[in-house]
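The values are calculated or read from the model by the stated rules, or taken from the named source; none is laboratory data. All of these numbers come straight from a predicted model, not from anything done at the bench. Neighbour counts are summed over all protein chains in view; Cβ atoms, including those assigned to glycine, are modelled from backbone coordinates with ideal geometry. Areas reflect the complete protein model, heavy atoms only, side chains present, ligands, DNA and RNA absent. Shrake-Rupley method; radii C 1.70, N 1.55, O 1.52, S 1.80 Å.
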Amino acid sequence: MRQDHARARRIAALALVLVLACQHARAAPQLPQMSVVPGGVLSIRLNATEERAPIVTFEGNRTVVLNDAAGWLAVVGLPLSAKPGTASVLVHSGDAPEQRIDFQITEKQYATQSLKVAPAKVNLSKKDLARSAHEHARVLAAFATFTATPPATLQLLQPVPGVRSSSFGLRRIFNNEPRSPHTGMDIAAPTGTEVRAAADGEVLDTGNLFFTGNTVILDHGEGFMTLYAHLSAIDVAPGAHVKTGQVIGKVGATGRVTGPHLHWAVVLNQVDVDPALFLVPGT
């Protein structure tokens, strides 16, 4: 009888270990593909043992910091303007001295497209310039928001089905004048197609903007955000909590566009990064 009780206790203990192991496996963060290039993403393991999350900054902006069975991990967005070569993050952990971790950014050549268009399409009036500058400041202020709750995942659902009509990083040259590179992914879809939240989050801002038309910005935590632009309709309001796959609007052609599509952008530590790195594998 004693042997049976001892055996039962061993089985129960083993079952508890398996349950805890499964819980740890489920808790492991789902990360984007790592691509240490301008516009890419760096995942870096931290030498920090504090129970409280360390603070990690890159170029003065706080980054996402996650915890898994191996410890703390920082996920860092690299701006398109980053120069190839040595860069570093700063780690602040408890009472320990500030730690600097260096890494290497490698070069990447994005595509270039030259177009001849009517001057009125690229040269804005003073009124439009003033409006776009005001709205640009508004968007940057939204991107500067840092909520303490870490994102549930860094793998994202593609917001609409469709063909990618323009990729991240594409640099357009209008009438021999270089313009800023494309900071998102364009997905072609008919007007009225439902646009779905790429991950759980809170609606940070919505509005009709000069360049991006009807726009929704979702905050997923710790400076991780997604932006949805050129919508024909916005179906959520600031402050609302949304779930992955929830309809937040519909595809349109509002703002400065030539046809219906979704412009989808991903932001980490206040910089635009390549959305393709965050798509759930197989999508």
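Tell me, how many Å apart are the Cα centres for region 62-99 and for region 162-239?
Their Cα centres are 26 Å away from one another.
Please report, as a whole percent, how much of the solvent-accessible surface of the chain comes from carbon and sulfur atoms (probe radius 1.4 Å).
55 percent
Helix 2-27: angle to the longest alpha-carbon principal axis of the chain, degrees 0 to 90, nearest 10?
That helix lies at roughly 10 degrees to the long axis.
Is the C-alpha gyration tensor of region 138-283 telling us rounded, prolate or oblate? Criteria: a/c under 1.5 is rounded; beyond that, a/b larger than b/c is prolate, otherwise oblate.
rounded
Per DSSP H run of n ≥ 4, the term is -39500 (n - 2.57); total these for the chain, divide by its residue number, and report the mean residue ellipticity at 222 nm rounded to 500 deg cm²/dmol.
-5500 deg cm²/dmol
Only loop residues by DSSP count here, and only those with at most 15 other Cβ atoms within 10 Å; note down the trypsin sites (Lys or Arg not before Pro) in region 157-230 that meet that.
Passing both the DSSP loop test and the Cβ count: 179.
For the chain, just say rounded, prolate or oblate: build the C-alpha gyration tensor, square-root its eigenvalues into a ≥ b ≥ c, call rounded for a/c under 1.5, and beyond that prolate if a/b exceeds b/c, oblate if not.
Verdict is prolate for the chain.
By how many degrees, 0 to 90 and rounded to 10, does the Cα axis of helix 126-143 deviate from the longest principal axis of the chain?
Once rounded, one gets 0 degrees.
Note the full-extension length gain between residue 123 and residue 110 as 0.36 nm times their separation in residues minus their Cα-Cα distance, in nm to one decimal.
Result: 2.2 nm gained on full extension.
Could you state how much accessible area residue 174 has, in square angstrom rounded to the nearest 10, with a 1.4 Å probe and all protein chains kept in place?
Using a 1.4 Å probe on the heavy atoms, I get roughly 40 Å².
Heavy atoms only, 1.4 Å probe, whole protein assembly: order 127, 243 by accessible area, highest first.
Highest to lowest solvent-accessible surface, that is 127, 243.
Using θ = phi - 60° and the Karplus form 6.51 cos²θ - 1.76 cosθ + 1.60, what ³J(HN,Hα) does each residue of region 246-252 get, whole Hz, x for Gly and Pro?
Going residue by residue, I get 6, 5, 10, x, 9, 4, x Hz, with x marking Gly and Pro.
What nm distance separates the two modelled labels at residue 52 and residue 164, each placed 7 Å from Cα along Cα→Cβ?
So the label points at residue 52 and residue 164 sit 4.1 nm apart.
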